[in-house]
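Below you'll find the structure, written out as structure tokens, and then a few comments.
The values are calculated or read from the model by the stated rules, or taken from the named source; none is laboratory data. Bear in mind the structure is a predicted one, so any value in this text is a computation, not a measurement. A quick note on method: Cβ atoms are made from the backbone with ideal geometry, for glycine too, and the neighbour counts reach across all protein chains shown.
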Amino acid sequence: MTTPHDFAQQLRQRQAAKRPGPTPQDRASEQVTTLTIPTSVGAVPVYRHQPHFVPAQRVIINLHGSGFIFPHNAYDDLFAKQLCLSTQALVLDVDYPLAPEHPFPQPLQATYQVVQALQAQYHSLGAPTIIGHSAGGNLAIGTQLLAQRHNQPKADRVILDYPALDLDTKPADKPFPAGARAIISPELAETFNAYYRPSGETGNPLISPVTATSTDLHGFPPTFILTADHDSLMPEAEAFGQSLIAAGCTVTLHRYQNVHHGFTLNGEGQADHALRDILTYIQA
């Protein structure tokens with residue numbers, strides 16, 4: 001019988017074979033080193049992209065997309081490089097623990113502890129911008145909800161890039177936009193969710209942020225939410241944005257047309273437009 005670990009490894013190998021990665025880029029304008037941050041879940045690698053010729057102006061913490069099971073890859077590395085070179089920021093790209101080896105709450109616990117450690121280490125550069133893509137967006141929100149609960153420092157602002165925010169609703173029951181193609185089948189998405197949340201727990205905003213109340217969201221940092229109109233996750237991301245507004249938070253919401261889940265990293269359609277919007281928001 002195939003174990004969850006074995007199946008996850010098969011999926012990771014298939015993804016790596018299908019996505020060899022972008023063309024390597026010149027790194028003359030940045031320095032890349034690896035930090036290792038201890039957490040209660042184990043040591044977490046953080047890839048530090050630092051401007052080479054000028055002092056860093058700010059800190060950005062990036063949480064890659066993963067479906068909760070896929071590892072950091074070359075597209076994530078390229079995105080971090082673009083952020084570093086375009087904003088003169090210190091970009092800290094977190095390689096957080098993955099399911100099924102590390103189910104909830106372990107990835108969130110580790111990510112929260114890493115974010116707090118990085119904020120303390122680089123406090124002289126001010127509170128960070130936190131960017132989360134897909135499952136990374138889920139974790140980005142969780143770090144801020146936990147910071148609020150524990151009265152710890154929060155981010156200056158949050159960017160949620162096509163975030164996965166509703167694990168309570170079965171993927172097969174989510175609306176599938178007309179004209180869209182399935183980037184991830186509902187069946188596979190259900191497997192991802194089950195690996196991350198094996199208990200089947202519902203109603204927990206640390207798992208499904210779309211269930212967060214106004215009390216949960218009070219004091220949440222200013223947030224920019226990017227959605228793709230051909231993405232079944234679009235409604236839950238936009239619903240979360242409305243919840244933030246109802247809680248009195250500052251929200252910028254932009255739905256990009258004729259693009260699918262993952263478009264900002266794979267270069268589809270309005271990817272360049274979205275990247276410019278992200279850079280503008282960071283530097284505002």
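What strands (runs of 3 or more DSSP E) completely inside segment 41-104 contain at least 3 residues that are more than 15 Å from the chain's Cα centre (by Cα) and of a type outside the set (A, V, I, L, M, F, W, C)? Give the derivation first.
Numbers: elements: 44-51, 59-63, 90-94.
Correct list: 44-51.
Scoring THR191 on the criteria (1) in a helix (DSSP H, G or I); (2) polar (S, T, N, Q); (3) at pLDDT 95 or above leaves a single failure, condition (3). Residues satisfying the criterion are absent from segment 223-234 (criterion: surrounded by 17 or more Cβ atoms within 10 Å (Cβ to Cβ), touching a Gly at 6+ places or on another chain (Cβ under 8 Å) and at positive phi).
Only residues that are at pLDDT 95 or above and aromatic (Phe, Trp, Tyr) were counted in segment 165-188, giving 0. Residues that are at positive phi and among the small types (Gly, Ala, Ser) were ranked within segment 84-141; the one that is surrounded by the most Cβ atoms within 10 Å (Cβ to Cβ) is SER134.
Examine segment 118-137 for a residue that is among the hydroxyl-bearing types (Ser, Thr, Tyr), touching a residue at least 24 places away in the same chain (Cβ under 8 Å), under 23 Å from HIS49 (Cα atoms) and in a helix (DSSP H, G or I), and state whether such a residue exists. No; the residues of segment 118-137 include none that is among the hydroxyl-bearing types (Ser, Thr, Tyr), touching a residue at least 24 places away in the same chain (Cβ under 8 Å), under 23 Å from HIS49 (Cα atoms) and in a helix (DSSP H, G or I).
When the residues of segment 142-166 are narrowed to those that are charged (D, E, K, R) and more than 23 Å from ALA89 (Cα to Cα), which ends up surrounded by the most Cβ atoms within 10 Å (Cβ to Cβ)? It would help to see each step written out before you state the result.
Initial filter on segment 142-166 (charged (D, E, K, R)): 149, 154, 156-157, 161, 166.
Now drop any that are not more than 23 Å from ALA89 (Cα to Cα), which leaves 149, 166.
Values: ARG149: 10, ASP166: 22.
Here the answer is ASP166.
ALA271 meets all of the listed conditions (1) surrounded by fewer than 18 Cβ atoms within 10 Å (Cβ to Cβ); (2) over 22 Å from HIS64 (Cβ atoms) but one, namely (2). Between PRO205, PRO198, the distinction of being of a type outside the set (Val, Ile, Thr) and within 18 Å of PHE70 (Cα to Cα) belongs to PRO198 only.
With respect to the stated conditions, THR250 fails to be among the polar types (S, T, N, Q), buried (at least 23 other Cβ atoms within 10 Å of the Cβ) and at pLDDT 95 or above. If you go through segment 26-79 and keep only what is surrounded by 19 or more Cβ atoms within 10 Å (Cβ to Cβ), polar (S, T, N, Q) and in contact with a Lys or Arg (Cβ under 8 Å, 6 or more places away or on another chain), you end up with just ASN73. Being among the small types (Gly, Ala, Ser) and over 23 Å from ASN266 (Cα atoms): is that true of SER86 here? No: the conditions fail for SER86.
Pull up segment 254-268, narrow it to residues that are within 18 Å of GLY136 (Cα to Cα) and surrounded by 19 or more Cβ atoms within 10 Å (Cβ to Cβ), then point me to the one that is farthest from the chain's Cα centre (by Cα). Top of the filtered list is HIS260.
Among the residues of segment 200-253, the ones that are touching a strand residue (DSSP E or B) at 6+ places or on another chain (Cβ under 8 Å), closer than 14 Å to GLY137 by Cβ and among the charged types (D, E, K, R) come to 1 in all.
Within segment 198-214, can you find the residues that are modelled with pLDDT of 95 or more and either closer than 18 Å to PRO163 by Cα or of a type outside the set (Gly, Ala, Ser) (or both)? Result: THR202, GLY203, ASN204, PRO205, LEU206, ILE207, SER208, PRO209, VAL210, THR211, ALA212, THR213. Among the numbered criteria (1) free of Cβ contacts under 8 Å to residues at least 24 places away in the same chain; (2) in contact with a helix residue (DSSP H, G or I) (Cβ under 6 Å, 6 or more places away or on another chain), which one does LEU108 miss? Unmet condition: (1).
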